[in-house]
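Notes follow the structure.
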Amino acid sequence: DWDLVSNEVFYSPRYKEQLGFEESELGNNFEVFRSLCHPDDYPKVMDNVQRHIETKEPFNTEFRMLTKSGAYKWIAACGQAVWNPQGRPVRMAGSHRDIDQLKAAEAARKEYELKLLASEAMFRQLAENIKEVFWIMDLASRSFIYASPAFEQVFERSCQDLYKSLDTFKDCIIKEDSEKFKDIISLADITENGKEIEFRVHK
């Protein structure tokens, strides 16, 4: 609860505990917040406060605050100002929510996505620049979802036709080896042990 006239602030015991402090360890003035807010985030927080006061738009923001241990913790804050009859803001009340674990999870997800994109890019670069045929099948729908460009050279069929129908692949296999097509798309043992199948294709 921030008195905008005197600049005094009431910080609840839970507020202080959230940052690892005892109730008596933090004073009741705005300088406490200024000193604990991450210096890179403080200007953004104050810009959002000013925008809220000037426009009365909702105040919601995220920033880092210094804990007693010396580490920064992510906080989500929301607040609401109160104006006097003359339209002057006189106080502002709000709440802080600990979102540190949420931010850590988001960072881990983004890191995983970047690694996944990098591995996909590496796979495509590899698959599209060698003569061997690479293909990926969706086991649930029993359909091809990717084939490297070498497929069109080796099988003399287009990748787009392959994506549309399994028959594009099946029709390439000579009659004597046609039964092996069932082994190629079979789920049995393929996810754990893989499969190695030899067959002949006609052009």
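The values are calculated or read from the model by the stated rules, or taken from the named source; none is laboratory data. The model shown is predicted, which means the values in this text are computed figures rather than measured ones. So basically every Cβ, Gly included, is an ideal-geometry build from the backbone, and we count neighbours across all protein chains shown. Remember, those area values only see protein heavy atoms, side chains included, never the ligands or the DNA or RNA. Shrake-Rupley method; radii C 1.70, N 1.55, O 1.52, S 1.80 Å.
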Screening Ala81, Ala93 for residues that are aliphatic (A, V, I, L, M), surrounded by 14 or more Cβ atoms within 10 Å (Cβ to Cβ) and within 24 Å of Ser6 (Cβ to Cβ) leaves only Ala81
Which numbered condition trips up Met122, out of (1) more than 30 Å from Lys44 (Cβ to Cβ); (2) of a type in the set (A, V, I, L, M, F, W, C); (3) open to solvent by less than 100 Å² (accessible area, probe 1.4 Å)? (3)
Taking only the range 72-124 into account, find how many residues are under 22 Å from Gln18 (Cβ atoms) and of a type in the set (Lys, Arg). 4
Listed by first then second residue, the pairs whose first member lies in the range 7-32 and is open to solvent by less than 90 Å² (accessible area, probe 1.4 Å), whose partner is assigned to a loop (DSSP other than H, G, I, E, B) and of a type in the set (Gly, Ala, Ser), with beta carbons under 8 Å and at least 6 positions apart or on separate chains, are Gly20/Ser69
Looking at Ser158 and the list (1) open to solvent by less than 60 Å² (accessible area, probe 1.4 Å); (2) modelled with pLDDT under 85; (3) among the small types (Gly, Ala, Ser), which single condition is not satisfied? (2)
Quick one: which residue in Ser141, Ser165 is open to solvent by 60 Å² or more (accessible area, probe 1.4 Å), within 20 Å of Lys182 (Cα to Cα) and of a type in the set (Gly, Ala, Ser)? Ser141
